[in-house]
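Here's the structure we're looking at; comments come further down.
Rule-based calculations on the coordinates, nothing more; no lab input. Computed from a prediction, not measured in an experiment: that's the story for all the values here. Don't worry about glycine lacking a Cβ; one is built from the backbone with ideal geometry, like all the others, and counts go over all protein chains shown.
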Amino acid sequence: MLTTNGQSPDPGAALQGQVFTTRFDKLLGWARKYSLFQYPFVTACCGMEFMSTACSHYDIDRFGAAFPRFSPRQSDVLWVVGTVSQKLAPLLKTVYDQMADPKYVIAFGACASCGGPYDDYSTLQGIDLIIPVDIYIAGCPPRPEAVLDGLLKLQTLIQDSKQEWGS
Amino acid sequence: MSDERFPEHLAIDKRFPGSVLDWHAQHGDRTLIVDGERILDIARLLKTELGYHFLVDLAAVDYLPRKPRFEVVYQFMNLDTKARLRVKVQSDELHPEVPSLTPLWPIANWLEREVWDLMGVTFRDHPNLKRILLYEEFEGHPLRKDYPRTGRQPLIGPKD
Ligand code: SF4
């Protein structure tokens, strides 16, 4: 392109301060980490802790993880919050299977991570026996600070992982 | 233990002679042990004539190795006088069977299913006696003392 006086412009000078360059997969990772749609699979006491993290005092919105979607096909991070019994396990697996890729799983609290205090006939001894887990948040229940820390760790993991798109 | 019979005890004994097998009353904790076959009749008498309209709870206890091994425990309450009455049925059968109280209280439906599920007590004439907390494929009754505490029967996932 020529300017009105017929001279070619200095692209560097013209665009100064208006663009910056990045790699496409970095951009995609950045977009993905700040647009998490969560599926809260909430079963027990840890659910109260999840609610307090989501409410205004801790405000999970600030981290780009605002919308709970109770529709697996429209969510990309599955929060398993609370005790999962053997009877419930097939439903959890179904929800996970129905989520679209890329998808992530957070095991929230001791029960979801390892069965927690319930070493008995009815409790699943950790959801990693049936679905893959990306982040474990320790505690019975974990404090909201620990939950937010887990979320930040998941976001780092999303940013740094290989970005796949298209098919 | 007091030997004093209390009014409900006398009323039941009068209507159904010999159906009260044992009793005790201590600090207001009044308990009757009755013949399991008569429990529906006794409950009807308690509800319709003695004012115990409220079936507070229904549960079972495994006293292994005591004989008789099982007890089904009914907690009744009179909402007008606030009186409470506990009625027990004992059994040494491997699968005890007692009449269902569902004709008198709809809540007995769920309570009896829970007792069947976890303790393996059959309730005769129950409209829908199937598992309620565990899944249909589960074998055994896990709150029995001879069921292993960690006896997991996973629907999916690794067996351990
Ligand atoms: S980890 Fe503790 S607080 Fe959380 S669901 Fe289990 S028992 Fe409840």
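Considering only Cα atoms, the convex hull volume of the protein assembly as shown works out to 221 Å³ per residue. Here the contact order of the range A:34-154, divided by its residue count and restricted to Cα pairs under 8 Å and six or more residues apart, works out to 27 percent. Ranking B:His53, A:Tyr121, A:Ala44 by Cα position along the charge dipole of the protein assembly as shown, where only Lys, Arg, Asp and Glu carry charges on their C-beta atoms, puts A:Ala44 farthest toward the positive end.
Rounded to the nearest 10 degrees, the inclination of helix A:144-160 to the longest alpha-carbon principal axis of chain A is 50 degrees.
Entry note: chain A has Rg to Rh equal to 1.19, where both radii use alpha-carbon atoms and Rh is the Kirkwood radius.
Among B:86-99, A:18-31, the peptide with the highest mean count of other Cβ atoms within 10 Å heads the list, and the full ranking is B:86-99, A:18-31.
For the protein assembly as shown, the antiparallel share of DSSP beta bridges with both residues in that region comes to about 50%. Rounded to the nearest 5, the antiparallel percentage of DSSP beta bridges internal to the range A:13-167 is 5%. Taking the centroid of alpha carbons for each part, the range B:74-92 and the range B:16-32 are 10 Å apart. Each Cα pair under 8 Å and six or more residues apart adds its sequence gap; the mean of these over the residue count of the range A:87-146 is a relative contact order of 37 percent. The lysine pair count for the range B:1-154, using Cα distances under 22 Å and pairs eight or more places apart or on different chains, is 8. Rounded is the label for the range B:1-85. Its Cα gyration tensor axes, ordered a ≥ b ≥ c, give a/c under 1.5. For chain B, the relative contact order comes to 16 percent (Cα pairs under 8 Å, sequence separation of at least 6).
With helices as the sole contributors, chain B gives -5500 deg cm²/dmol at 222 nm; each DSSP H run of n ≥ 4 counts as -39500 (n - 2.57), and the sum is divided by every residue.
I'd like the FRET efficiency for A:Asp160 and A:Ala66, computed as 1/(1 + (r/R0)^6) with the beta carbon distance as r and R0 of 25 Å, rounded to 0.05. Efficiency for this residue pair is about 0.65.
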